[in-house]
Every structure is written in structure tokens, then in C-alpha cells.
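Undergrad: I have a structure here, written as C-alpha cells, and I will follow up with some questions on it.
The values are calculated or read from the model by the stated rules, or taken from the named source; none is laboratory data. Bear in mind the structure is a predicted one, so any value in this text is a computation, not a measurement. No Cβ is skipped: glycine too gets one built from the backbone with ideal geometry, and neighbour counts run over all protein chains shown. Accessible surface is based on the protein model in full, side chains and every heavy atom, while ligands, DNA and RNA are left aside. Shrake-Rupley method; radii C 1.70, N 1.55, O 1.52, S 1.80 Å.
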Amino acid sequence: MAGGCWRALRLQGWRTQALVTPDGRFVEGASGEKHVLFAIDGGDARPLPFLSSEDSAVQWSPDGHYLYVVRAPQWSDTPATIYQMMEAAIDRIDVVAGLRRSWRTVKAADTVGLEAINNLFITPDGTAYCYGYLRTLSDLFVIEGIK
């Protein structure tokens with residue numbers, strides 16, 4: 001953003017969380033079974049064959065060598081990324097070798113009424129993370145003696 005004008009990328013049929021590579025040259029996108037890196041300068045897209053349809057890219061390492069992903073089906077393509085899970089298993093993938101390693105599992109301390117985890121964020125250096133969740137609580141009232 002410091003280097004010039006903004007311009008739109010038209011990625012029809014592709015879902016993206018606007019996750020840009022650390023060098024600022026590519027943005028990650030997904031459609032069905034495919035994940036690719038779209039060249040911001042309009043060049044050819046690069047496939048990410050080690051990602052599946054249930055992977056959601058979350059963050060790059062500062063050197064662009066690793067990609068943090070959550071493996072879970074999404075409920076829908078909404079601005080809020082809502083995963084169909086009670087805990088988030090996060091993997092760190094070596095994008096050069098395509099090797100996947102478990103990094104961390106995130107779960108809410110109190111799971112009462114928990115429906116799903118959403119909007120997971122990781123710092124580029126991997127030292128901190130945060131997330132939101134959907135929670136529904138209700139009260140049940142028993143009424144007796146009504147005629």
C-alpha cells in the first residue's frame with residue numbers, strides 16, 4: 001500500500017481472505033478443490049497443490065516459507081469465516097516442500113453453548129493468535145398449574 005495506487009483484482013468464482021504473501025506479489029484464493037496464488041501484477045497464478053478444499057489459509061510466516069492453515073469445512077462464504085468445528089486444528093505448511101505439521105489446536109475454555117469457532121488470526125511470527133466463536137445460551141422456564 002505504501003508503494004502506489006490501489007487496484008481491484010477480479011477473482012470471480014474464487015474465495016479469498018485477502019491473504020497477501022509477505023513480498024506483496026501474490027494473494028491466496030480458493031475455489032472448490034483448488035487453491036492458488038494470484039499474481040497481483042496480473043501474471044500467471046501459482047497452484048498450491050498441498051491444500052485441500054477444507055483448508056483455509058490464515059497467515060504467512062514473515063519469510064513466506066510457511067503457511068498457517070485451518071483444516072475444517074466452512075459454513076458459507078461470508079465476510080466472517082465460520083468453521084464447522086468446536087476446536088480449530090491449525091497446521092503449519094512448508095510451502096517449498098509441501099510438508100504439513102500440526103502447529104496448535106485452539107478451543108474455547110468454556111464450551112457451554114459453543115456452536116463454532118470463527119475469525120482465527122495468527123501473528124506473522126506465530127507467537128500469538130486470537131479467534132472468535134459463536135455461542136448460543138438460553139433459559140428454560142417451566143410453568144405449572146396454568147388452566
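Undergrad: Residue under question is I143, and the condition is that it be open to solvent by less than 90 Å² (accessible area, probe 1.4 Å) and either outside any loop (DSSP other than H, G, I, E, B) or of a type outside the set (D, E, K, R) (or both); does it hold? Explain how you work it out, then say what you get.
TA: Numbers: open to solvent by less than 90 Å² (accessible area, probe 1.4 Å): no; either outside any loop (DSSP other than H, G, I, E, B) or of a type outside the set (D, E, K, R) (or both): yes.
For I143, the condition - open to solvent by less than 90 Å² (accessible area, probe 1.4 Å) and either outside any loop (DSSP other than H, G, I, E, B) or of a type outside the set (D, E, K, R) (or both) - is not met.
Undergrad: Count, please, the residues in the range 56-79 that happen to be modelled with pLDDT under 85, open to solvent by 30 Å² or more (accessible area, probe 1.4 Å) and of a type outside the set (D, E, K, R).
TA: From the range 56-79, those modelled with pLDDT under 85 are 71-79; that's our starting set.
After this cut, where a residue has to be open to solvent by 30 Å² or more (accessible area, probe 1.4 Å) as well, the list is 71, 73-79.
This time we only want the ones that are of a type outside the set (D, E, K, R), so: 73-76, 78-79.
Going through the range 56-79 one residue at a time, the tally reaches 6.
Undergrad: Being not hydrophobic (A, V, I, L, M, F, W, C) and not in a loop (DSSP other than H, G, I, E, B) is the filter here, so list the residues in the range 20-61 that pass it. Don't jump to the end; show me each part of the working.
TA: Looking only at the range 20-61, we keep the residues that are not hydrophobic (A, V, I, L, M, F, W, C), and these are 21-25, 28-29, 31-35, 41-44, 46-47, 49, 52-56, 59, 61.
Once the filter is applied, which keeps residues that are not hydrophobic (A, V, I, L, M, F, W, C) and not in a loop (DSSP other than H, G, I, E, B), the range 20-61 yields E28, G29, S31, K34, H35, R46, P47, D55, S56, Q59.
Undergrad: Sticking with this one: Only residues that are under 21 Å from G29 (Cα atoms) and open to solvent by less than 60 Å² (accessible area, probe 1.4 Å): list them for the range 92-116, please.
TA: Taking the range 92-116 as the starting set, the residues that turn out to be under 21 Å from G29 (Cα atoms) are 92-100.
I93, D94, V95, G98, listed by residue number.
Undergrad: Among all residue pairs at least 6 apart or on different chains, which show Cβ distances below 7 Å where the first residue, located in the range 87-103, is farther than 15 Å from R46 by Cβ and the second is open to solvent by 80 Å² or more (accessible area, probe 1.4 Å) and among the small types (G, A, S)?
TA: Qualifying pairs under 7 Å: A89/S102; D91/S102.
Undergrad: Between A128, A89, which is in contact with a strand residue (DSSP E or B) (Cβ under 8 Å, 6 or more places away or on another chain), of a type in the set (G, A, S) and surrounded by fewer than 10 Cβ atoms within 10 Å (Cβ to Cβ)? First the steps, then the outcome.
TA: Values: A89 fails: surrounded by fewer than 10 Cβ atoms within 10 Å (Cβ to Cβ).
Just a single option satisfies the conditions, and that option is A128.
Undergrad: Would the range 115-130 turn up any residue that is more than 15 Å from R15 (Cα to Cα), at pLDDT 90 or above, in a strand (DSSP E or B) and in contact with a Lys or Arg (Cβ under 8 Å, 6 or more places away or on another chain)?
TA: For the range 115-130, residues more than 15 Å from R15 (Cα to Cα), at pLDDT 90 or above, in a strand (DSSP E or B) and in contact with a Lys or Arg (Cβ under 8 Å, 6 or more places away or on another chain): present.
Undergrad: What number of residues within the range 10-55 satisfy the criterion of being open to solvent by less than 40 Å² (accessible area, probe 1.4 Å) and in contact (Cβ under 8 Å) with a residue 40 or more places away in the chain?
TA: The total comes to 4.
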